[in-house]
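Visitor: Please find one structure pasted underneath; my questions will follow.
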There are 2 protein chains.
Amino acid sequence: MRAASLGGLATPCLVLDLAVFEANLARMAGRAKAAGKALRPHAKAHKSTEIARRQIAAGAVGLSCVTLREAEVMAQAGVPGLLLTSPVVPTAALERLGRLLAEAPDLMVVADHPTNVAQLEQVAAVSGRTLGVLVDIDVGQGRTGVIDAASAVALAKSIEQAPHLRYAGVQAYYGHLQHVPAYADRLAQARTQWDRLGSTLNALREADLPPTVVSGGGTGSSSLDLAIGPFTEIQPGSYLFMDRQYGAVSIDEAEAGFASALGILAHVVSANQPDCAVIDAGLKAMATEAGPADFLDGVPDGATYKFMGDEHGGVVCGGPGQPLQVGDRVLLRPPHCDPTVNLHDLIHVVEGGRPVAAWRIDARGY
Amino acid sequence: MRAASLGGLATPCLVLDLAVFEANLARMAGRAKAAGKALRPHAKAHKSTEIARRQIAAGAVGLSCVTLREAEVMAQAGVPGLLLTSPVVPTAALERLGRLLAEAPDLMVVADHPTNVAQLEQVAAVSGRTLGVLVDIDVGQGRTGVIDAASAVALAKSIEQAPHLRYAGVQAYYGHLQHVPAYADRLAQARTQWDRLGSTLNALREADLPPTVVSGGGTGSSSLDLAIGPFTEIQPGSYLFMDRQYGAVSIDEAEAGFASALGILAHVVSANQPDCAVIDAGLKAMATEAGPADFLDGVPDGATYKFMGDEHGGVVCGGPGQPLQVGDRVLLRPPHCDPTVNLHDLIHVVEGGRPVAAWRIDARGY
């Protein structure tokens with residue numbers, strides 16, 4: 001994408017290179033198919049039913065969701081195979097879960113605590129449906145999940161015994177491994193977690209609770225999860241867009257893999273300072289927790305971005321003189337795609353260098 | 001506000017202590033009135049027409065806005081006295097500005113470059129209206145604004161000579177001073193900028209271009225801006241809510257001043273780890289560029305927050321054992337209110353310990 005050709009768009013805005021996006025979409029789908037594993041991509045990356053439909057059309061078995069709103073909007077759009085990847089606990093959320101189950105009978109959730117299993121049984125009973133539940137297993141991230149094999153077996157048993165719950169297997173997500181830069185290091189760390197997970201899977205099988213589904217993995221670990229890991233399905237999200245963070249990760253052992261498809265278009269709105277031009281993309285236009293954006297187009301080589309407030313950023317070009325002028329367009333690469341997409345209402349789709357469509361980010365918001 | 005009494009709300013969500021909010025609202029309005037200066041509070045902090053109406057009712061002369069969307073939504077709601085505080089440059093934005101001017105004839109904008117003045121004149125001419133323009137002056141922030149008195153005079157002259165523009169004065173905003181912790185340090189740094197601004201104001205007066213409006217100042221500098229500074233009006237926003245950052249700033253020389261009115265309500269969704277309980281408020285529920293949130297209620301003294309992904313955060317209580325249980329409610333104080341509010345669609349209003357209303361954050365989004 002060239003920033004210069006994208007006139008007429010209100011900025012800051014998200015722009016998506018459709019050709020690159022479609023190549024990323026097809027690449028992950030093809031890899032999962034070749035590995036004989038299922039793909040349940042994570043909707044938290046895009047929060048868009050338009051994109052979810054394309055993922056399903058490309059062979060995904062369903063969509064992973066982390067917020068109830070994501071799942072509700074996906075269900076209303078007819079997206080099948082929804083998995084809620086974080087325990088649903090608050091009373092208000094459990095009420096919504098019951099309504100969601102009525103709309104999406106193949107819905108699955110995760111649980112990591114007996115109290116929550118009892119709550120889920122009550123929700124499913126009131127709905128008169130059966131709710132699929134995965135035992136959430138901590139594989140080193142230290143976040144949600146049971147922390148030992150005995151707890152996993154006990155929880156799986158309680159799910160199986162609940163009349164309105166269906167014990168469907170396990171979830172084991174290692175978010176902390178996704179950004180380990182080198183393939184070999186990531187593989188070594190994943191092997192440690194696979195060993196740990198393997199013991200739990202064995203304990204479940206020995207207790208006559210063999211998991212049908214073993215769900216986990218993200219974009220960073222996808223290559224090794226598909227080739228070697230103990231998963232029946234993976235949940236990557238960022239592979240569609242890529243971002244500055246994943247640009248620094250060797251996702252594959254050898255080949256180049258996924259490419260940057262998502263940009264943030266901005267305009268220079270002030271250029272009076274000698275050392276930096278000011279653009280209309282600041283800390284409300286992109287994620288801020290993963291460091292600064294970098295640039296895809298429109299700035300001299302070596303230019304860097306700095307946050308300058310809610311709606312302003314600086315382009316520091318170095319060198320003498322200010323090469324950018326008021327009205328110039330620049331294209332940034334978001335530091336982290338998920339929380340960047342979450343800040344926008346639309347993704348402008350670019351094909352042949354021109355905006356051709358705008359997809360709604362319809363599952364965002366609280 | 002007590003977290004325990006706020007059951008029934010879907011989390012994460014924003015909650016506003018109405019009594020504290022109203023006290024903050026009245027305090028700033030009263031101070032401006034006592035100082036004989038106008039208040040044009042910044043809508044970027046709340047992006048809510050409901051709150052804007054309350055600010056107008058409390059005596060504000062209008063609202064400052066930084067995005068066109070903020071101004072458009074405010075105009076549609078009948079909010080008067082809108083000032084766009086950043087140069088409007090992109091072609092698509094200028095087209096929208098023309099339509100906005102037709103709806104909000106008392107609209108003002110800022111400019112810091114002759115090219116932009118020519119664009120604004122064209123917009124106003126096409127609309128058949130007169131557009132008020134302030135010369136934006138850099139007062140040490142190094143962002144937008146002209147950087148010397150000669151440029152200010154030249155720009156003011158070009159505005160005055162443009163048939164459809166009205167030279168209304170200047171804007172001089174020092175965002176970089178807002179969070180200087182000690183009142184005396186902030187005052188010393190402000191004096192340097194007032195001297196600089198004073199030279200420019202004198203140059204404008206000598207050129208027969210006396211500024212009617214001198215707009216600037218934020219929550220952090222409000223006390224000294226009202227008492228001593230060269231402003232005719234101030235643009236504070238955060239004073240309504242306060243946040244962790246402003247909690248560390250002595251806004252006033254002596255008295256306690258403004259108080260925390262805004263919280264983020266969250267539930268513990270997992271508590272299997274010995275060292276941290278996991279809540280459903282992560283990096284999509286609050287600003288991340290200003291460090292972690294802290295807590296208003298629901299956790300033991302000394303507990304700290306850590307980000308654990310898009311939709312998860314950790315409550316680290318220290319000490320032995322895990323005092324929090326699945327389903328417990330906690331109330332966080334956002335690290336930075338503006339980009340936190342921007343992530344939500346509603347502010348739940350709490351009165352007498354109970355949610356009594358939900359105000360829409362209707363001017364958010366791109």
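The values are calculated or read from the model by the stated rules, or taken from the named source; none is laboratory data. All figures in this text were calculated on a predicted structure; none of them were measured in a lab. Because the Cβ atoms are built from the backbone with ideal geometry, glycine has one as well, and the counts that use them run over all protein chains shown. Keep in mind that these areas ignore ligands, DNA and RNA; they rest on the heavy atoms of the full protein, side chains included. Shrake-Rupley method; radii C 1.70, N 1.55, O 1.52, S 1.80 Å.
Visitor: Rounded to the nearest 10 degrees, what's the angle between the helix A:183-206 long axis and the longest principal axis of chain A, both from Cα atoms, 0 to 90?
Guide: Tilt relative to chain A: about 20 degrees.
Visitor: Additional query: Calculate what fraction, in whole %, of the accessible area of the protein assembly as shown sits on carbon and sulfur atoms when a 1.4 Å probe is rolled over the protein chains.
Guide: 50
Visitor: Given just the C-alpha atoms of chain A, how large is their convex hull per residue in cubic angstrom?
Guide: Looking at chain A, the number lands at 129 Å³ per residue.
Visitor: Assuming a ≥ b ≥ c are the square roots of the Cα gyration tensor eigenvalues, decide whether region A:1-87 counts as rounded (a/c under 1.5), prolate (otherwise, with a/b larger than b/c) or oblate.
Guide: Oblate.
Visitor: If I take the rotation axis that carries chain B onto chain A, which residue of chain B has the nearest beta-carbon, and at how many angstrom?
Guide: Axis-proximal residue of B, distance in whole Å: B:288, 3.
Visitor: Would you work out the charge dipole size for region A:22-174 about its Cα centre, treating the Cβ of every Lys and Arg as +1 and the Cβ of every Asp and Glu as -1, and quote it to the nearest 20 debye?
Guide: Numbers: 16 positive and 13 negative charges, 109 e Å.
For region A:22-174, the charge dipole is close to 520 debye.
Visitor: Further question: What number, rounded to the nearest 500 deg cm²/dmol, is the helix-based mean residue ellipticity at 222 nm of the protein assembly as shown, given -39500 (n - 2.57) per DSSP H run of at least four residues and division by all its residues? Don't skip to the end; give the middle numbers.
Guide: On the way: 20 runs with 230 residues, N = 732.
Using -39500 (n - 2.57) per qualifying helix, the result is -9500 deg cm²/dmol.
Visitor: Take every DSSP beta bridge with both residues inside the protein assembly as shown and express the antiparallel ones as a percent of the total, to the nearest 5.
Guide: Bridges in the protein assembly as shown are about 50 percent antiparallel.
Visitor: Over all distinct Cα pairs, what is the inverse of the mean 1/r for the protein assembly as shown, reported as the Kirkwood hydrodynamic radius in Å?
Guide: Its Kirkwood hydrodynamic radius stands at 26.9 Å.
Visitor: Along Cα→Cβ at 7 Å, what distances in nm separate the residue B:78 label point from those on the other copies, shortest first?
Guide: Copy-to-copy label distances at residue B:78, shortest first: 4.3 nm.
Visitor: Using alpha carbons only, how many degrees (0 to 90, rounded to 10) separate the axis of helix A:91-103 from the longest principal axis of chain A?
Guide: Here the helix axis deviates by roughly 80 degrees.
Visitor: Could I ask something else about it? Is the shape of region B:309-366 rounded, prolate or oblate, going by the alpha carbon gyration tensor and its root eigenvalues a ≥ b ≥ c, with a/c under 1.5 for rounded and a/b larger than b/c for prolate?
Guide: oblate
Visitor: So what's the net charge close to residue B:263: Lys and Arg +1, Asp and Glu -1, counting the other residues with Cβ under 13 Å from its Cβ?
Guide: Around residue B:263, the surrounding residues sum to 0.
Visitor: Still on this structure, please answer the following. Only four residue types carry charge here, +1 at the Cβ of Lys and Arg and -1 at the Cβ of Asp and Glu. Report the dipole size of the protein assembly as shown about the Cα centre in Debye, rounded to the nearest 20.
Guide: Dipole of the protein assembly as shown, to the nearest 20 debye: 880 debye.
Visitor: Charges at C-beta only: +1 for Lys and Arg, -1 for Asp and Glu. How large is the resulting dipole of chain B about its Cα centre, in Debye rounded to 20?
Guide: On the way: 29 positive and 37 negative charges, 104 e Å.
The dipole of chain B has a size of about 500 debye.
Visitor: Between B and A, buried accessible area summed over both sides at probe 1.4 Å, in Å² to the nearest 100?
Guide: Roughly 4700 Å².
Visitor: Something else now. Measuring with a 1.4 Å probe in the full set of protein chains, what accessible area per residue, in whole Å², belongs to region B:129-271?
Guide: Details: 4810 Å² over 143 residues.
Spelled out: the 1.4 Å probe surface of region B:129-271, per residue, equals 34 Å².
Visitor: Where does each of A:68-76, A:182-190, A:242-250 land if you order them by average Cβ count within 10 Å, highest first?
Guide: A:68-76, A:242-250, A:182-190
Visitor: I'd like to compare B:263-269, A:37-43: which one has the highest average count of other Cβ atoms within 10 Å, and what's the full order after that?
Guide: Working: B:263-269: 27.1, A:37-43: 25.6.
Ranked by mean Cβ neighbours within 10 Å, highest first: B:263-269, A:37-43.
Visitor: Give me the angle, in degrees from 0 to 90, between the Cα long axis of helix B:114-127 and the longest principal axis of the Cα atoms of chain B, rounded to the nearest 10.
Guide: Relative to chain B, helix B:114-127 is tipped by roughly 90 degrees.
Visitor: Which of B:107, B:302, B:87 sits closest to the plus end of the dipole of the protein assembly as shown, meaning its Cα is farthest towards the positive end, when Lys and Arg get +1 and Asp and Glu get -1 on the C-beta?
Guide: B:107
Visitor: Copy-to-copy spacing for residue A:23, label 7 Å out on the Cα-to-C-beta vector, in nm, shortest first?
Guide: The answer, with the shortest distance listed first, is 6.0 nm.
Visitor: A further question on this structure: With a sphere of radius 15 Å drawn around the Cβ of residue A:41, what net charge do the other residues whose Cβ falls strictly inside it have (Lys, Arg +1; Asp, Glu -1)?
Guide: Local net charge: +2.
Visitor: Treating region A:84-206 as a set of equal point scatterers at the Cα positions, no solvent, please give the Debye-formula log₁₀ I(q)/I(0) at q = 0.23 Å⁻¹.
Guide: -1.23
Visitor: Could you put B:294, A:301, B:310 in order of accessible surface area, largest first, with the 1.4 Å probe and the full protein assembly present?
Guide: A:301, B:294, B:310
Visitor: Now for a separate question. Label position 7 Å from Cα toward Cβ: report the copy-to-copy distances for residue B:253 in nm, one decimal, ordered from shortest.
Guide: Distances to the matching label points in the other copies: 7.2 nm.
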